[in-house]
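Enquirer: Got a structure for you, questions after.
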Amino acid sequence: MSENDGDDDSRNDGKKARREAARERARAAREQANARRRRNRTLGISGIIVGGLAVIAVVVVVVANSVQPAGPGPRNMASDGILLHGVDGKIVPVTTKATPEGGTPTPTKQDDSVANITVYSDYMCPYCNQFETSQMPQIRQWVQNGSATLELHPFNLLDRVSLGSKYSTRSAAAAACVADSDPDDFLAYNTSLYENQPSESTRGLTNDELASLAKAAGATDPGVASCITDQHFAGWVAEATNRVLTQPIPNSSLDKVTGTPAVIVNGKQYTGSLTDTDAFAAFVEQNGGAA
């Protein structure tokens, strides 16, 4: 073997070693790349699973919230309405405990020696506003002198005409907040809601505006504003509304309320003019004895 042949063999061995080393590096690189792809795919699947679980959790929370019970009703509205009577020439509320969660309202025990005036109304109802504006001044006088009582039942009949804002529910729930914490100011707030009544087919007042009206009406208890803005009694309004529209009306012969305002005097429904004060006074005197 010549010297050149030895050199050629050495060069060939070097080239072979370099090729093997290159192949080994390429193989290692492929394995790293494959491992990286497997890792990314695993992380991606894990992310999808975690994300899916998060969505499921949100859905579960939403569904759970949607089926939660309405909870207890407002204080001073154990009958689903607030009862006002006269004491020493002043109109004051009759205080009651709240209807407990899952409980049923307690109908008012009426005194037939006076005119018991009960009104079922919706704060977005223009006809309710007509009755309020025309008849409430003389009703106040009767209540003040003790010849009548007044029981007010706000409920939701007209949510469908407030462009999705559920104004009837929101305003009734706001009134419940005042009854619960500042019942002495309920009648003033009731009047204010009619004085500031929005037109049908509008969104109505915001919750903040409802809270501002309550404060202006004298309801300054710290809990009233948050109760209104949080719509604490919206669930109760739904339940009370269902009772009004599907169940017999206490202290009357009505199977249910079919329109607003529903005005009942000692068990008999008034069907006369909402704005004729003489006609209503005659009906009250005939059925309840109020002068």
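The values are calculated or read from the model by the stated rules, or taken from the named source; none is laboratory data. Because the structure is a prediction, the values reported are computed rather than measured. Virtual Cβ from ideal backbone geometry, glycine too; neighbours counted across all protein chains shown. Protein only, heavy atoms only, side chains kept; ligands, DNA and RNA dropped before computing areas. Shrake-Rupley method; radii C 1.70, N 1.55, O 1.52, S 1.80 Å.
Enquirer: Which percent of the accessible area of region 133-240 is formed by carbon and sulfur heavy atoms (probe 1.4 angstrom)?
Expert: Here carbon and sulfur together make up 47 percent of the probe-accessible area.
Enquirer: On to the next question. First select every other residue whose beta carbon is under 9 angstrom from the beta carbon of ASP80; then total the charges, Lys and Arg +1, Asp and Glu -1.
Expert: It works out to a net charge of 0.
Enquirer: Keeping all protein chains in place, calculate the accessible area per residue for region 197-290 (probe 1.4 angstrom), answer in Å².
Expert: For region 197-290, the per-residue accessible area is 50 Å².
Enquirer: Taking a probe of 1.4 Å, how large is the accessible area per residue of region 91-176, in Å²?
Expert: Ligands and nucleic acids excluded, the result is 41 Å² per residue.
Enquirer: Take the cross-link list LYS215/LYS256; LYS166/LYS268; LYS97/LYS166; LYS109/LYS256; LYS166/LYS256 and give me the ones stretching past 25 Å between alpha-carbons.
Expert: Cα-Cα > 25 Å for LYS215/LYS256; LYS166/LYS268; LYS97/LYS166; rest within.
Enquirer: Work out the charge dipole of region 169-275 with +1 on the Cβ of Lys and Arg and -1 on the Cβ of Asp and Glu about the Cα centre, then indicate which of THR271, LEU187, THR260 is farthest towards its positive end.
Expert: THR271
Enquirer: Now a separate question. If you add up the charges near GLN247, with Lys and Arg at +1 and Asp and Glu at -1, over every other residue whose beta carbon is less than 9 angstrom from its beta carbon, what do you get?
Expert: Its environment carries a net charge of +1.
Enquirer: Then there's this: Order of 90-99, 247-256, 225-234 by packing, highest average Cβ count within 10 Å first?
Expert: Result, highest mean first: 225-234, 90-99, 247-256.
Enquirer: Follow-up question, since we're still on this one. Between beta-carbons, use under 14 Å as the cut-off and find the net charge around SER168, counting Lys and Arg +1, Asp and Glu -1.
Expert: +1
Enquirer: I would also like to ask the following. Determine ³J(HN,Hα), in whole Hz, for all residues of region 271-286 in sequence, where each value follows from phi through the Karplus function 6.51 cos²θ - 1.76 cosθ + 1.60 and θ = phi - 60°; x replaces Gly and Pro.
Expert: Working through the residues one at a time gives 10, x, 4, 6, 10, 8, 5, 5, 5, 5, 4, 5, 5, 5, 5, 5 Hz.
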